[in-house]
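Inspection log for the structure reproduced underneath, given as structure tokens.
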Amino acid sequence: QVQLVESGGGLVQTGGSLRLSCARSGTIFRIIVMGWYRQAPGKPRELVATILNDGTTNYSDSVKGRFTISTDNAKNTVWLQMNSLEPEDTAVYYCNYRSTVSNYWGQGTQVTVSS
């Protein structure tokens, strides 16, 4: 059974940094893309960053240049390095793995940026 467990969230001041981790347990065949999404109160879940099987990365305009997504060779862990954090980055951050047949989500980790 596949589980994704996020960690690394917390409270940080404006301009600070956090590094989120998403640890995968269980086997996922034919991973296509891994990513981070976030959901702020009263707003829909939105894409933050993705990394394809070939290492190609993609970022939302709001985080481009501040956040970096990465993974290990075995794709067991996905990280999101977040720098220059802003109050608008406050949200629950979710890890996602998508394969050719399934879509997996973690339980989320709260990130709060104080002004």
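The values are calculated or read from the model by the stated rules, or taken from the named source; none is laboratory data. Given the structure is predicted, the values throughout are model-derived calculations rather than measurements. Reconstructed Cβ throughout: ideal geometry from the backbone, glycine too, with neighbour counts over all protein chains shown. These accessible areas exclude ligands, DNA and RNA; they are computed on the full protein's heavy atoms, side chains included. Shrake-Rupley method; radii C 1.70, N 1.55, O 1.52, S 1.80 Å.
Taking amide H atoms as placed 1.01 Å from N in the peptide plane, the amide H of residue 86 lies under 5 Å from those of 15, each 5 or more residues away in sequence or on another chain.
Rounded to whole numbers, the Karplus 3J(HN,Hα) couplings from phi for region 60-68 are 5, 4, 5, 10, 4, x, 10, 10, 9 Hz, using 6.51 cos²θ - 1.76 cosθ + 1.60 with θ = phi - 60°, and x at Gly and Pro. Taking the Cβ of residue 39 as the center, what net charge do the other residues with Cβ under 11 Å away carry, scoring Lys and Arg +1 and Asp and Glu -1? Local net charge: +2.
When the solvent-accessible area of region 8-68 is split by element, carbon and sulfur atoms take up 52 percent of it, the probe being 1.4 Å. Considered as an equivalent ellipsoid built on the Cα gyration tensor, region 5-46 has semi-axes of 25, 15, 9 Å, the largest given first.
Shown here for region 31-115: trypsin sites (Lys or Arg not before Pro) in loop regions (DSSP other than H, G, I, E, B) with at most 16 other Cβ atoms within 10 Å, namely 45, 64, 66, 75. Per residue, the accessible area of the chain comes to 53 Å² when a 1.4 Å probe rolls over the protein heavy atoms.
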